[in-house]
Each structure stands twice: as structure tokens, then as C-alpha cells.
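These notes are about the structure you will find just below.
The values are calculated or read from the model by the stated rules, or taken from the named source; none is laboratory data. Just so it is clear, the structure is predicted and the values come from calculations on it, not from any experiment. Every residue, glycine as well, gets a Cβ built from its backbone with ideal geometry; the counts of neighbours run over all protein chains shown. Accessible surface is based on the protein model in full, side chains and every heavy atom, while ligands, DNA and RNA are left aside. Shrake-Rupley method; radii C 1.70, N 1.55, O 1.52, S 1.80 Å.
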Amino acid sequence: MIEVRNLEKHYTVAEKEAGLAGSLKSFFKRQIRVVKAVDGVSFQIATGEMVGFLGANGAGKTTTLKMLSGLLHPSAGEARVAGFVPFERQSNFLKTITLIMGQKQQLIWDLPALDSFLVNQAIYEIPDAEYKATMQEFTDLLDLQDVLKKQVRKLSLGERMKCELAAALLHKPKVLFLDEPTIGLDVNMQVRIREFIAAYNQKFAATVILTSHYMADVTALCKRIIVVDKGRIIFDGDLAALLETTSPSKIMKLQLERLVPRADLERYASILQLEGLNVEFSVPRAEVSVKAAKLLAELPVADITIEDPPIEEIIGQLFTQARAEVNV
Amino acid sequence: MNSQPMSPFENTWRKFKALFGAWLAHMTVYRAEILIWMLSGTIPLIMLAVWIGQAQAAGGTVGGFSASDFAAYFLAAWLSGQMIVAWVAWEIDFAIRQGTFSSKLLRPINPFWEYFMQHITERFVRGPFILAVVALGTLLIPGTRLVASAGHLLVYILAIILAFAIRFLIAYCIGLLCFWLENATALDELYFVLSIMLSGSFAPLDFYPAWLRPILEFLPFPYIVYYPAQILIGRLPWSEIARVLLVQCVWLAIIFVLFSWLWKAGRRHYGAVGA
């Protein structure tokens, strides 16, 4: 569905030193610098796949999405989405995709969202019956009935985001580019939007690329992740496999019923943390079930949870590795 | 799913209707603002008073224009000025710098048509006010003949549509410069000042220095206010009217080529900042 080969986007930016002197200097002589926002990226995404795009701010995630949705002209390389060259902005291409940017809106600010939906219906050439059915479905899934007739500028951020989502998906695109779709939303609303995206993907076999600062978005939705750093891909593959290779152990958290001496606990596994009744062990992946059974049998356990180390840490490890390799 | 596929014509008509409806709703939210904007285009009305004063002081006519000639000319010039108003340079400038232009580029319609419909719709909101002012002016100054004949009115409508298209496309081109420049509105201001001075809003071009006239003929300005106004009030022979329409078409073609080039080149240059 999506094919990207050696995609590059280089910008030239004028730089200015701070202050008045800097302004004067740059007025007469501009300092030009080339920024390689995307620097030779290649990947393929199959129909129906949901892929998480991870990377720090400025890593090139959004620039890539903008090239894939036809907003930006690539400096070099090739991109094909659903068989189209995005930059050509062919009508059938634009009807196949959507790009949702958490901070930007397409809804008409001074009018109720419903008016924007009607405009989209006409622009995307959606027949009345289909429009009604889709609206009904989105209204139920996103709980929109009280929101649709309010002026957009009077909506809360969460309400507005739900309307943006509905407006962006009204034409039932087959390819979704989601750039920080949950930014600034509270946890409930994040979960809501996540569930909606998952449902949409299921129902329409839509292909999804998602960038997010909230790891929970990515872990909940995407099996596969692509990690970018400084315009290059440093990891592309299965999220679960990444966890296994980069973190060979799991974290086992226990709550005890009564205090147990540290020395007794150390016999089971290496202790990460011990505070009163709460213990955290680090246990090799292969031994998790055996150890858990043993702990439960031999210690006064009130509660037990087994977790992967926070994914932020794992991604952080990836970055340090990648940068170390570059420096070698 | 697609119960009844629609013809291309039907689809276009639906888009036209939807954009018209949305913008009309939007404009009615801002109707007071539109009235205020109209007041900012009142120079011909002020000049009307000035020149009538001159005519009366000179004993009836100035350069062959009587008070009612001036009234007819300036009312027609004001009407024309109102019909060709275009602020699209500001819209594009804002959209490109704020990043909202990106969401327009994502839709399967050229943003041009959205802006175009926005302006057309606004003309409908402005229309009743314009007619009221013109009617009032005609009544207040005795002997004013604003419309020479039904034929002149029809040709005027054609000429003013062409004039609007020229002004709109020029403004659009200025707006597109924002793909390269930080800010294009300063250029539109410059255009606005030139246009007020050179389009015939201050005085009929008959009063301009003889050396300036031939130069003006080669600029677009006279063809968007002065000549349409002259057509409406019947001061041009039909052969001259034909020439004016032809020159308008030539200008439109030139600016359209420029617009196409700027659009193509600008999109390649677009940085889609902020969004």
C-alpha cells in the first residue's frame, strides 16, 4: 500500500543570531544552512497494517508524513501510496488518504462542525445515503450528538479533536496518516480516540501510520514500529521482538503481606528496588513463569505484576546505540 | 455503497452549493465587519463630493463634466470598486504562514475554488448595501444617469466579471508569493495604493496628464474600475467597448499564465511549516 524508496527532504534555512546586531547582520548577509529533515528513508507498508513512527522532535517523522500525503515535494527518492505519486495530488489519491494533525484544524472555526461536514461531503463527492450512514456510525462511536451543532470555536479541545477526526475520515480513506492525534488530550479521551482508530482499522482494513509522543498510543495500536533519528531509520520491525532483543528481562513487582529480610529475597532474583512491602525484581524472560510460580509458593505475596521495562527506556537505548555507531 | 453515481456536473454543482452555503453562513456571522470594510472603499464617494464642488465653482462643468456627469462616473466607479474587492492575498498569506494551507491541500479540490467561492458569496452579502448606496446617490443628485441603457448594463456585467477575475488573480498571485517570501501582504498594500491612484477612483482618467494616459493603457488598473464605469454610464462608443473587453481578456490570460506558473513552482517550494 505504501512504498518508500530513498526518500529525502532537505531544507535550506536562513539563520539569524539573536538580538539587534544579529538582525542587522542577517539583513545584509544571510547565513544559509541545509537541514536534512529526511535523509534517505525506505520502507514498505502492507494494506491493513498499523505502523508506529517513533522518534524525537525534529527526527523527520512529520516531514515524511507530509511527503506521503502530497504536501511536500521530496528532494530525492520515491514515494508511492496506493499506487499514486502523492505530490501530484490526483483527486482519487486525495480521496484515498487522510492526514490528521493533532494541532491543526480543518473545521470552519465560526460555524458548527456539521457545516464543515457538509462541505466535505460535497468536496469528496460522498452520496447522501453513504454520508448519513457514516455520520450515524461516527456519532455513535465518538459520542458526537451533543457536539455537532455547537460552534466549533466553543468546543473543548477533546470535543474538537473528535470532530476533526470525524471530518478527516468522512470519506472513508484507506490510508491514514496520524500525526500526534492525541496530543493535549486527557487520558480518557486518548483511550477513546485509540479505540476508535483501532475499530476503524479493523472495519475498513485501513493502513495506518501513527506518530505519537505517548508510547501508550503506539503500544496499544501498532505491532510494527519504525524508529527514526536525524532523518534516518534506525529500527524497523516488530515491537515485541524489539522488546525481547533489547531488554532480555522483565520486571516483576510484588506486594508482600509482611516484611521479608532482604537476604531472603535476594535468593530468588536480582532486586531492582525494595521499599517496605514492595519489591521489584528483574527476571530473565525465559525464567519468568518458573520464578513467578516459585515466588507465589514460597513468599507471602499479596499482589504480583509482571511488566516490560518502559518502552521509552528501550527506545532511548536504541538512540544511544545508533549514535554510538555513527560516531565510530 | 454508491447507490446512484452522480454526473460530474451534478458533483460540481453540489460543491458550488455547499461552499456557497458554508460561506454565506460564515459571512452572516461577520456581516457588521463587511459593512465596515465597505466604508474603507469610499474614496470615489468622497471624490464625488470634491468634484461636484469643483464643477459648481467653475460655473457648471469641469473639463466637459457636469455635476451629474461626475455623480454618474463616481457612483459607477464606486460600484465597480465594490464589485472587484479581493482580499485573497491576505487569506493565502495567513494560511501559508499559519500552516492551515496544508489542510486545504489535502482535499480533492484546488484551494483556488474555495477562495473564489468565498469572494463570490461575499458579493451576495455586500450586494444589498451596494445597491442601497447607489440608489440613494442617484436620487440625491438630480439628473444622474448611472445606467446608459439595458445593453450597456449587460456589457457592464461582463466587463465587471472580467475585472473581478483580473483583480482576484492578481491578488492570488501576490498571495502565492508567500511560498517564497515571509509576508506578501505588504505587496498587496502596494498594489492597493497603485490601484487607487491609477484605476480612476480619484478622478476620471480624462483628467490625468496627457503623457500618463498612454502608459496607463498598458497597465491593468484602468481596466478594472475606470473602463467598466465608463461602459456603464455610456461614455464609450461600442468600438471602444470591444477594445476594452479584448484587453481585459488579454490581461486575464497573462495573469492566468503567471498564476499557473507560481502555483506549480510554489508548491514545490512549499515547506508546510507548522502543520
Residue that is farthest from the other protein chains (Cβ to nearest Cβ) [pool: residues in the range A:47-59 that are open to solvent by 10 Å² or more (accessible area, probe 1.4 Å) and not charged (D, E, K, R)]:
A:50
Out of the residues in the range A:94-127 that are open to solvent by less than 40 Å² (accessible area, probe 1.4 Å) and aromatic (Phe, Trp, Tyr), which is farthest from the other protein chains (Cβ to nearest Cβ)?
A:117
If I go through the range A:64-93 residue by residue, how many of them are more than 9 Å from every other protein chain (Cβ to nearest Cβ) and in contact (Cβ under 8 Å) with a residue 60 or more places away in the chain?
13
Residue check for residue A:169: modelled with pLDDT of 90 or more and over 17 Å from the mean Cα position of the chain (by Cα):
yes
When residue B:266 is run through (1) farther than 15 Å from residue B:173 by Cβ; (2) open to solvent by less than 30 Å² (accessible area, probe 1.4 Å); (3) within 14 Å of another protein chain (Cβ to nearest Cβ); (4) at pLDDT 90 or above, the failure sits at (1)
Could we say that residue B:243 is more than 14 Å from every other protein chain (Cβ to nearest Cβ) and of a type in the set (Lys, Arg) here?
yes
Scan the strands (runs of 3 or more DSSP E) fully inside the range A:212-320 and keep the ones with 2 or more residues being outside the structural domain of residue A:202 (by TED's automatic domain parsing).
A:249-256, A:270-275, A:278-284, A:301-307
Scanning the range A:128-154 residue by residue, the ones that are open to solvent by less than 10 Å² (accessible area, probe 1.4 Å) and within 14 Å of chain B (Cβ to nearest Cβ) total 2
So, in the range B:96-113, of the ones that are part of a helix (DSSP H, G or I) and within 11 Å of chain A (Cβ to nearest Cβ), which residue ends up most open to solvent (accessible area, probe 1.4 Å)?
B:113
The lone condition residue A:283 fails out of (1) at pLDDT 85 or above; (2) within 30 Å of residue A:65 (Cα to Cα); (3) not polar (S, T, N, Q) is (2)
Out of everything in the range A:175-211 that is β-branched (Val, Ile, Thr) and either part of a strand (DSSP E or B) or open to solvent by 30 Å² or more (accessible area, probe 1.4 Å) (or both), what residue ends up being nearest to residue A:84 (Cα to Cα)?
A:175
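To keep it simple, each residue is scored yes or no on (1) free of Cβ contacts under 8 Å to residues at least 24 places away in the same chain; (2) open to solvent by 30 Å² or more (accessible area, probe 1.4 Å); (3) more than 14 Å from chain A (Cβ to nearest Cβ).
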| position | (1), (2), (3) |
| --- | --- |
| B:29 | yes, yes, no |
| B:38 | no, no, yes |
| B:52 | no, no, yes |
| B:56 | yes, yes, yes |
| B:61 | yes, yes, yes |
| B:71 | no, no, yes |
| B:75 | no, no, yes |
| B:89 | no, no, yes |
| B:93 | no, no, yes |
Looking only at residues that are touching a residue at least 24 places away in the same chain (Cβ under 8 Å) and among the polar types (S, T, N, Q) in the range A:232-291, which one is least open to solvent (accessible area, probe 1.4 Å)?
A:247
Taking the range A:186-196 and keeping only residues that are in contact with a helix residue (DSSP H, G or I) (Cβ under 6 Å, 6 or more places away or on another chain) and in contact (Cβ under 8 Å) with a residue 40 or more places away in the chain, one is left with A:196
